[in-house]
1. Return the residue satisfying two criteria in turn: it lies in the stretch 74-90 and is free of Cβ contacts under 8 Å to residues at least 24 places away in the same chain and surrounded by 13 or more Cβ atoms within 10 Å (Cβ to Cβ), and of such residues it is farthest from residue 118 (Cα to Cα).
2. Would a scan of the stretch 71-79 turn up a residue that is part of a helix (DSSP H, G or I) and at pLDDT 95 or above?
3. Can you name every residue in the stretch 96-118 that is touching a residue at least 24 places away in the same chain (Cβ under 8 Å), in a helix (DSSP H, G or I) and out of contact with any helix residue (DSSP H, G or I) (no Cβ under 9 Å at 6 or more places or on another chain)?
4. Looking at (1) assigned to a helix (DSSP H, G or I); (2) touching a helix residue (DSSP H, G or I) at 6+ places or on another chain (Cβ under 7 Å); (3) free of Cβ contacts under 8 Å to residues at least 60 places away in the same chain, find the lone condition where residue 93 falls short.
5. Could you figure out which of (1) crowded, with 16+ Cβ neighbours inside 10 Å; (2) closer than 17 Å to residue 7 by Cβ isn't true of residue 109?
6. Out of everything in the stretch 53-73 that is touching a residue at least 24 places away in the same chain (Cβ under 8 Å) and within 22 Å of residue 111 (Cβ to Cβ), what residue ends up being surrounded by the most Cβ atoms within 10 Å (Cβ to Cβ)?
7. From the residues in the stretch 17-38 that are touching a helix residue (DSSP H, G or I) at 6+ places or on another chain (Cβ under 8 Å) and outside any helix (DSSP H, G or I), which one is nearest to residue 124 (Cα to Cα)?
8. Here is a check on your reading of the model: is residue 135 farther than 18 Å from residue 38 by Cβ and either in contact with a strand residue (DSSP E or B) (Cβ under 7 Å, 6 or more places away or on another chain) or crowded, with 22+ Cβ neighbours inside 10 Å (or both)?
């Protein structure tokens, strides 16, 4: 099974443990999934993930990059940006969520089985899942299962 690893996963794995108990729980679940379950899947990132993980604090950026080194990176395909713009519009996402729609478009375009993310605002929520399924059904695309590490443990 092929998993598209969205940026929040390496970010949670290398960031300092949060004082927010919910975020801390998500970090611990992500660590558990990474250590115990990831080897059961074929992991992929994308050029979008690589761009995002290289931003911010240089030390943390290097840790994020080192963490995913060796994971194949999917390239933008000719219709990826067009598909991302369709998702942005049809999913009623704000313009600032273009990268989130690019993650979805990359996973769809490369026929991933899963998108693994903690981005519950713009990717992993039931309204997005249902609407994405409808959109992809109309345009003849397979919809990957969108989930958090908690759902894959």
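1. So the first thing to find is which residues in the stretch 74-90 are free of Cβ contacts under 8 Å to residues at least 24 places away in the same chain, and the list is 78, 82, 84-85, 88-89.
Going one step further and asking which of them are surrounded by 13 or more Cβ atoms within 10 Å (Cβ to Cβ), we end up with 84-85, 88.
On the way: 84: 19, 85: 22, 88: 18 Å.
Going through the qualifying residues, I end up with 85.
2. To start, the set of residues in the stretch 71-79 that are part of a helix (DSSP H, G or I) comprises none.
Within the stretch 71-79 (the criterion being part of a helix (DSSP H, G or I) and at pLDDT 95 or above), the answer is no, since none of the residues qualifies.
3. If we filter the stretch 96-118 for residues that are touching a residue at least 24 places away in the same chain (Cβ under 8 Å), which is where we start, we get 97, 99, 102-118.
From the residues that got through so far, the ones that are in a helix (DSSP H, G or I) too are 97, 99, 102-109.
Of everything in the stretch 96-118, just one residue is touching a residue at least 24 places away in the same chain (Cβ under 8 Å), in a helix (DSSP H, G or I) and out of contact with any helix residue (DSSP H, G or I) (no Cβ under 9 Å at 6 or more places or on another chain), namely 107.
4. With (1) assigned to a helix (DSSP H, G or I); (2) touching a helix residue (DSSP H, G or I) at 6+ places or on another chain (Cβ under 7 Å); (3) free of Cβ contacts under 8 Å to residues at least 60 places away in the same chain applied to residue 93, the lone miss is (1).
5. Unmet for residue 109, out of (1) crowded, with 16+ Cβ neighbours inside 10 Å; (2) closer than 17 Å to residue 7 by Cβ: (2).
6. 68
7. So, considering only residues that are touching a helix residue (DSSP H, G or I) at 6+ places or on another chain (Cβ under 8 Å) and outside any helix (DSSP H, G or I), the one nearest to residue 124 (Cα to Cα) is 37.
8. On the way: farther than 18 Å from residue 38 by Cβ: yes; either in contact with a strand residue (DSSP E or B) (Cβ under 7 Å, 6 or more places away or on another chain) or crowded, with 22+ Cβ neighbours inside 10 Å (or both): no.
Here the answer is no, as residue 135 does not meet what is asked.
The values are calculated or read from the model by the stated rules, or taken from the named source; none is laboratory data. Because the structure is predicted, anything quoted here is derived from the model rather than measured. All Cβ positions, even for glycine, are placed from backbone atoms using ideal geometry, and neighbour counts span all protein chains on display.
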